[in-house]
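Contents: one structure, followed by commentary.
The values are calculated or read from the model by the stated rules, or taken from the named source; none is laboratory data. None of the values given here were measured: they were computed from a predicted structure. For neighbour counting, all protein chains shown are included, and Cβ atoms are generated from backbone atoms with ideal geometry for every residue, glycine included. For accessibility, only protein heavy atoms count, side chains too; no ligands or nucleic acids. Shrake-Rupley method; radii C 1.70, N 1.55, O 1.52, S 1.80 Å.
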Amino acid sequence: MSGLDLGLRAQAAAIAEGDLDPSELLEACLERIEQRNPELNAVVATFPDESRRMLAEAPDGPLRGVPVVIKDEWPLPWRAERVGAASVLAEIEPGESGPYRALRDAGAVIAGVGNMHELGSSSTGNTSVYGAAHNPWDLDRCPGGSSSGPAAAVAGGLVAGAIGADGLGSIRYPAAYCGLTGLKPTFGRSTMEGHHIVGTQTIVSGPLCRDAGDCRLLASVLFREELPASEPGALRIGVIRTPYWADCTPGVLSACEAALESLRGEVGGEIAEVELPGDELVLPAALLIAQSEEAAQLTPRNLNALSPELSVVNRGLLKLRSLLPASLTARAFLARAQTRRNLAELFERIDVLAWPTVPAVAPPLADPTITLPSGVTTADAGNGRQGVLANLTGVPGVSVPVGLDEGMPVGLQLLGPWRSDASLLDAAEALERATDREFVELRAGAIA
């Protein structure tokens, strides 16, 4: 087995112990990107000289010499982000973003920039100025978005860990589609400096890795604080049946129910059906708040200067956003405040919430629609319902691979109270043990 096929923790440990040469690991990574990326389109830029310079100057940190990919949402000193688009409303330029500095200070080596859905505007990853990234499980299927490239890079074996961004589920959806573990941190815990949407209240940086332990290591780097591991106690697991469980495909529902029962048995916990008052307002409130975050940039001058290479859908959406009444956004903020209170009260009675990360497995790139019990809908509509609560309220969430349907990965999402990131990863690791790491190891075996 190549050192490149080890997980993130194993690579870091092997380098620290002198069993793996970091220069050889980096060259193997760059070579594999060159070999595999043409069909994955996961990585949109490499810069071997800069990567080698990072390695030469790497401090003796927890990720010394480990190659990673970073989403095209973060500036680097030698490259401005493009956000997967031909036009960006904000002014962008090269610079030292927070995730770059955190990785550099940990000794990591940025081997490439990951593709992403254009402007981060979809959960599918099927549109980008670079062309769509492809799901390594089935190249004709969506890799998930908007962190499509980071997920495809890890699932495709190009790197063992990647940095994404989660604004309305954009780490968890690709984690579910690609059979990975993806953590959406508590708002404000992971570094965000240098993001083109200054003052965002929904977007966080976060890790995409093969398993929860690797996510813990990479998240600790982004948090600049260690996330300690511990054994979870007898978890009180809450489930909201409608709509989060009821409106999923039978295969996704079966896999997630089996995983939930395995988790309950592993920790000696209990499962309780609960309700979240006002949950029908969660999706529209989250969308309105997210759409308002670039309001200052929605000027006639900027809108008229949009590149014709930007997709028709996003050109239209940006112009529509400029017409949204401020009164609607104000109501969305009121709904968020109430939802935060309701969720905090709910977490006084339970430890975690659980439901399928996405209601159906990855759809075709050419037709990103899904068939649910409620009918045929876009993947974005189904996924958004499942994912945005964490972004609206700021709580952490993690997606864990728990099965297959139609030969494609299924993810179970766990949500916890504010700052429970470490506890969520404890629960994710307990779930891995309960399933004998079957679905974590499936991808590792496929890419070796």
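Exactly one of (1) within 25 Å of the chain's Cα centre (by Cα); (2) modelled with pLDDT of 95 or more; (3) not in a loop (DSSP other than H, G, I, E, B) is unmet by LEU334. Its number?
(1)
Grab the strands (runs of 3 or more DSSP E) fully contained in the stretch 352-448, keeping just those with 3 or more residues being closer than 19 Å to PRO185 by Cβ and in contact (Cβ under 8 Å) with a residue 12 or more places away in the chain.
Of the strands (runs of 3 or more DSSP E) lying wholly inside the stretch 352-448, those with at least 3 residues that are closer than 19 Å to PRO185 by Cβ and in contact (Cβ under 8 Å) with a residue 12 or more places away in the chain span 352-356, 397-405, 408-415.
Kindly indicate whether any position in the stretch 22-32 is open to solvent by 10 Å² or more (accessible area, probe 1.4 Å), over 26 Å from THR369 (Cα atoms) and in a loop (DSSP other than H, G, I, E, B). Step through it out loud before you land on a result.
From the stretch 22-32, those open to solvent by 10 Å² or more (accessible area, probe 1.4 Å) are 22-24, 27-28, 30-32; that's our starting set.
Subset that is over 26 Å from THR369 (Cα atoms): 22-24, 27-28, 30-32.
Narrowing further to those that are in a loop (DSSP other than H, G, I, E, B): none.
Scanning the stretch 22-32 turns up no residue that is open to solvent by 10 Å² or more (accessible area, probe 1.4 Å), over 26 Å from THR369 (Cα atoms) and in a loop (DSSP other than H, G, I, E, B).
Could you tell me which of the residues GLY206, GLY194, GLY188, GLY199 is more than 23 Å from CYS248 (Cα to Cα) and free of Cβ contacts under 8 Å to residues at least 60 places away in the same chain?
Values: GLY194 fails: free of Cβ contacts under 8 Å to residues at least 60 places away in the same chain; GLY188 fails: free of Cβ contacts under 8 Å to residues at least 60 places away in the same chain; GLY199 fails: free of Cβ contacts under 8 Å to residues at least 60 places away in the same chain.
After ruling out the rest, the residue left standing is GLY206.
Looking at ALA42, is it over 19 Å from PRO136 (Cβ atoms) and among the small types (Gly, Ala, Ser)? Explain how you work it out, then say what you get.
Values: over 19 Å from PRO136 (Cβ atoms): no; among the small types (Gly, Ala, Ser): yes.
The answer is no for ALA42.
Using the structure shown, decide if ARG385 is open to solvent by less than 60 Å² (accessible area, probe 1.4 Å) and of a type in the set (D, E, K, R).
Spelling it out, ARG385 is indeed open to solvent by less than 60 Å² (accessible area, probe 1.4 Å) and of a type in the set (D, E, K, R).
Go through the stretch 294-315 and give me each residue that's open to solvent by 40 Å² or more (accessible area, probe 1.4 Å) and of a type outside the set (S, T, N, Q). Give the derivation first.
Taking the stretch 294-315 and keeping what is open to solvent by 40 Å² or more (accessible area, probe 1.4 Å), we get 295-297, 299-302, 304-305, 308-309, 312-313, 315.
Within the stretch 294-315, ALA295, ALA296, PRO300, ARG301, ALA305, PRO308, GLU309, VAL312, VAL313, ARG315 qualify.
Look at the stretch 263-273 and say how many of its residues are in contact with a Lys or Arg (Cβ under 7 Å, 6 or more places away or on another chain) and open to solvent by less than 20 Å² (accessible area, probe 1.4 Å).
1
Report, by residue number, each residue of the stretch 236-252 that is within 16 Å of GLY375 (Cα to Cα) and crowded, with 18+ Cβ neighbours inside 10 Å.
Of everything in the stretch 236-252, those that are within 16 Å of GLY375 (Cα to Cα) and crowded, with 18+ Cβ neighbours inside 10 Å turn out to be PRO243, TYR244, TRP245, ASP247, CYS248, THR249, VAL252.
Just to be sure, is GLU441 more than 24 Å from SER121 (Cα to Cα), acidic (Asp, Glu) and modelled with pLDDT under 95?
For GLU441, the condition - more than 24 Å from SER121 (Cα to Cα), acidic (Asp, Glu) and modelled with pLDDT under 95 - is met.
Tell me which of these ALA390 doesn't satisfy, since it passes every other one: (1) open to solvent by 10 Å² or more (accessible area, probe 1.4 Å); (2) at negative phi.
(1)
How many residues, within the stretch 410-426, are over 15 Å from the mean Cα position of the chain (by Cα) and either within 20 Å of ARG241 (Cβ to Cβ) or of a type outside the set (A, V, I, L, M) (or both)?
So the answer is 7.
Could you tell me which of the residues LEU324, LEU343 is at pLDDT 95 or above and surrounded by 14 or more Cβ atoms within 10 Å (Cβ to Cβ)?
Only one candidate passes the filter, namely LEU343.
Would you please list the contacts, defined by Cβ atoms under 6 Å and residues six or more apart or on different chains, that run from a residue in the stretch 116-139 that is farther than 13 Å from SER170 by Cα and aromatic (Phe, Trp, Tyr) to a residue that is at pLDDT 95 or above and not in a loop (DSSP other than H, G, I, E, B)?
TYR130/VAL44; TRP137/MET408
Working carefully through the options ARG301, ARG321, ARG315, find the one that is without any contact (Cβ under 8 Å) to a residue 12 or more places away in the chain and touching a Leu at 6+ places or on another chain (Cβ under 7 Å).
Values: ARG301 fails: touching a Leu at 6+ places or on another chain (Cβ under 7 Å); ARG321 fails: without any contact (Cβ under 8 Å) to a residue 12 or more places away in the chain.
Selected residue: ARG315, the only one of ARG301, ARG321, ARG315 that is without any contact (Cβ under 8 Å) to a residue 12 or more places away in the chain and touching a Leu at 6+ places or on another chain (Cβ under 7 Å).
Checking ARG264 against (1) assigned to a helix (DSSP H, G or I); (2) within 23 Å of the chain's Cα centre (by Cα), which single condition isn't satisfied?
Among (1) assigned to a helix (DSSP H, G or I); (2) within 23 Å of the chain's Cα centre (by Cα), ARG264 violates only (2).
Which members of the stretch 5-21 meet the condition of being open to solvent by less than 20 Å² (accessible area, probe 1.4 Å), among the aliphatic types (A, V, I, L, M) and more than 24 Å from LEU76 (Cα to Cα)?
Residues of the stretch 5-21 that are open to solvent by less than 20 Å² (accessible area, probe 1.4 Å), as a first pass: 5, 7-8, 11-12, 14-15.
Going one step further and asking which of them are among the aliphatic types (A, V, I, L, M), we end up with 8, 12, 14-15.
Within the stretch 5-21, ALA14, ILE15 qualify.
Considering only residues of the stretch 69-100 that are in a loop (DSSP other than H, G, I, E, B), farther than 18 Å from ARG53 by Cβ and of a type in the set (D, E, K, R), which is modelled with the lowest pLDDT?
The extreme case among them is GLU91.
Taking the stated definitions as given, is ALA258 surrounded by fewer than 18 Cβ atoms within 10 Å (Cβ to Cβ), out of contact with any Pro (no Cβ under 8 Å at 6 or more places or on another chain) and among the aliphatic types (A, V, I, L, M)? Spell out the reasoning first.
Numbers: surrounded by fewer than 18 Cβ atoms within 10 Å (Cβ to Cβ): yes; out of contact with any Pro (no Cβ under 8 Å at 6 or more places or on another chain): yes; among the aliphatic types (A, V, I, L, M): yes.
So ALA258 fits the description; yes.
Within the stretch 34-52, can you find the residues that are within 23 Å of the chain's Cα centre (by Cα), open to solvent by less than 50 Å² (accessible area, probe 1.4 Å) and within 11 Å of VAL113 (Cβ to Cβ)? Outline the logic, then answer.
If we filter the stretch 34-52 for residues that are within 23 Å of the chain's Cα centre (by Cα), which is where we start, we get 36-46.
In the following step, the residues that additionally are open to solvent by less than 50 Å² (accessible area, probe 1.4 Å) were identified as 37, 40-45.
ALA42, VAL43, VAL44, ALA45, listed by residue number.
If we scan the stretch 216-225, do we find a residue that is touching a residue at least 24 places away in the same chain (Cβ under 8 Å) and at positive phi?
yes
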